[in-house]
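Scroll down for the structure; my scribbles are underneath it.
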C-alpha cells in the first residue's frame, strides 16, 4: 500500500498522567478507546485508515509505568519502559541477559528508543492481508487470505493454525515466557496477574486478538521472578535483514544446569504460531541430559512434531530444528546485532 | 510524489517558488494559531474536562526556542516541524518509521518524528537539524565532518543521519565502526552510500571528542 501523506484521521486524544487517570478514561470510553504505548504499532494502523478508534489514550505521560526495579532478586519492569532501557539496564543484563538480548535486536535504534516492552508483547499480527485491511477472520470476517493456493505466506504459521495463520511477531515475548514472567493487568480498581504464557492467546480462544487484553484492560508491569537469574540462556533471531525486520523465527531458552546435565529448561520459539510456541515436549525430554549432539538431535525432532507448513513456509521446519539444536548446544552464531 | 511531499499541495502554482510557498504556509499557520488564541474559550470547550484531556494550543521547546503552536491531536512532530514551524530540514521519507529521514532528537534521544505525536513532546526539548549549528553559524562537528567528507550523494537522508549520529555519539562518544554502524542502523540511504557515510561519521566522532 502506498503511503498516505496527509495527517491521520482525527481522534480524541487523552494523555493521562497517572495509571488511575488512564484507567478512568479507558473505563469511560470502553471499546472506543485505543491504548497507545510507544505508538510504533499504532501509527501504521491509524495512518493506513485500517483501524479508526474514536479515542486514543497515550500513556507517554504516565511516569509510574516506566522503570525497572528489584523485586526479591527478580525484577519488575514498568510496561512503558523503552526497549532501549531494557536492553542496556545493568540489572537486566546481569540477571536476565536473555531479555536484554531480545530487546536489543527489535527493529531499529529509533524504534527501540520509543517502543516499550509492554507494547512489544501487546503488538498485533503482521500478516499483510490483515494489516492491509482485508476482511479476514482476524478482522472479524470469515476467510483467511493467507491460507489459499496463491497466497504469499512465507512468514506465516506452521503450528496450531485455526482458520487464521498469522503469527505473533514479538521478540521479547518468548524471552519473557522462558523466564517465567508474570504480567500485571489493571482494570478499574481490580488487578490480576497473568503468567506470561497465558497472556497470549491463539485463534481457538480469540481469533481477533493475540493477547488476553480486553477493552478497559491496562498492562502495567511485567514481573520476572529470581528463578532463572544467572542461569544459562540462549536467544537467537533469524530475519531477512538485520534491522527493522520481524523474526522469521526466533528462539528463547533458559537452562538450569546441574553439573553437565540439564536439570530444568524453558524453550520457546516465536514467529511460528499465533502465540509464542512453548516446546513442552522438548523441555521434558532434555531434563537430565547433557548439552550434546544426541540431546540436540532428539530435541530438534521433538520440536517440530505436529508442524503443518503452508505453501511457502516449509523452510521454517528445518529452521526451528536448527535453532533448537543451537540453543541446546549453545553454539551462538551471532549475526551483527 | 516528490520526495518532500510538496507536489499536489494546495495553492502551489507554477512559477511560485517552493520557498515562497513554505513561507505562505508558515504565515497561515501563524494566523490559525492567533485565532485559536483569541477564541481560547471555544477551544477549551471542546474538551470534556476529564483528566488527561489535551489543549490544542501548546508551547514547544524547539531548538532552544519556545514556539507557540496550534497542534491537531492527530498531528505528528514531523508535520508540525515542517508545515507549522517551517523547519523543513527534517525530511519525510516513508512516514512509517522505516527510513529514518525524519530523525530528530527528543531530550537528546533519536526518534522518528513521523511517528511521534506532537502533543507527546510537550515539556521536552526537541532538536532538529536547524538547531545543530552554533548561533554564530559554526557548524556542529558532525555537520562539518559531512561537509568535509562529502559523504552523501543526493543527501535527502542526510539530516536524519546527522541527527541519529549526534544522538548516538551522546551515548557512545568513542564507537568502533561496527558499533557506529549498529547505532545509526535505523536510517536508510537509497543511494547506498553507507561506506562513505560511515567514513564521515567516524571522523565526526573524532571531531566531537575534540580529537
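Every read-out reported here was derived from the displayed coordinates using simple, explicitly stated rules and does not represent laboratory data. This one's a predicted model, so the numbers in the text were calculated from it and none came from an experiment. Positions of Cβ are backbone-derived with ideal geometry, glycine not excepted, and every protein chain shown enters the neighbour counts.
Data overview
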| item | result |
| --- | --- |
| Two-site label geometry, residue B:191 and residue B:68: point separation in nm, points 7 Å out along Cα→Cβ | 4.2 |
| Potential extension, residue A:69-residue A:50 segment - 0.36 nm per residue separation minus Cα distance | 3.1 nm |
| Region A:231-336, relative contact order in percent, only Cα pairs under 8 angstrom and at least six apart counted | 24 |
| Part-to-part distance (alpha-carbon centres) for region B:169-194 and region A:1-70, which is given in Å | 31 |
| Degrees between helix A:316-329 axis and first principal axis of chain A (Cα, 0 to 90, nearest 10) | 60 |
| Helix axis angle, A:293-303 relative to chain A longest principal axis, alpha carbon, degrees | 40 |
| Relative contact order (percent, whole number), chain A, Cα cutoff 8 Å, 6+ residue spacing | 17 |
| Cα-projected label distance for residue B:107 with residue A:206, points at 7 Å along beta-carbon direction, nm | 3.1 |
| Alpha-carbon gyration tensor eigenvalues x 5, square-rooted, for region B:141-210, Å | 17, 13, 10 |
| For region A:1-120: relative contact order, % (alpha-carbon pairs under 8 angstrom, 6 or more apart) | 26 |
| FRET efficiency, residue B:170 to residue A:148 (Cβ-Cβ, R0 60 Å, nearest 0.05) | 0.75 |
| Values of log10 I(q)/I(0), in the order q = 0.13, 0.24, 0.27, 0.28 Å⁻¹, for region B:109-168 under a Debye, Cα-only, solvent-free model | -0.39, -1.08, -1.23, -1.27 |
| Computed label-point distance, nm, for sites residue A:17 and residue A:88 using a 7 Å Cα→Cβ extension | 2.8 |
| Cα convex hull volume per residue for region A:231-336 (Å³) | 101 |
| FRET efficiency, 1/(1 + (r/R0)^6) with R0 41 Å, evaluated for residue A:312 and residue A:7 via beta carbons | 0.65 |
| Gained length - residue B:94 relative to residue B:50, 0.36 nm times residue gap less alpha-carbon distance | 12.3 nm |
| Longest to shortest principal axis, alpha-carbon extents of chain A, angstrom | 59, 52, 35 |
| Rounded if a/c under 1.5, otherwise prolate or oblate - region A:78-136, Cα gyration tensor axes | prolate |
| Binned Cα-Cα distances of region B:82-211, short to long, each 10 Å bin given as a whole percent | 13, 47, 33, 6 |
| Rg to Rh, two decimals, where region A:169-257 supplies the alpha carbon set and Rh follows Kirkwood | 1.02 |
| Solvent-free Debye scattering, log10 I(q)/I(0), computed from the Cα coordinates of region A:66-204 at q = 0.11, 0.12, 0.22 Å⁻¹ | -0.49, -0.57, -1.29 |
| Efficiency of FRET from Cβ geometry, residue A:162 and residue A:190, R₀ 22 Å, rounded to 0.05 | 0.15 |
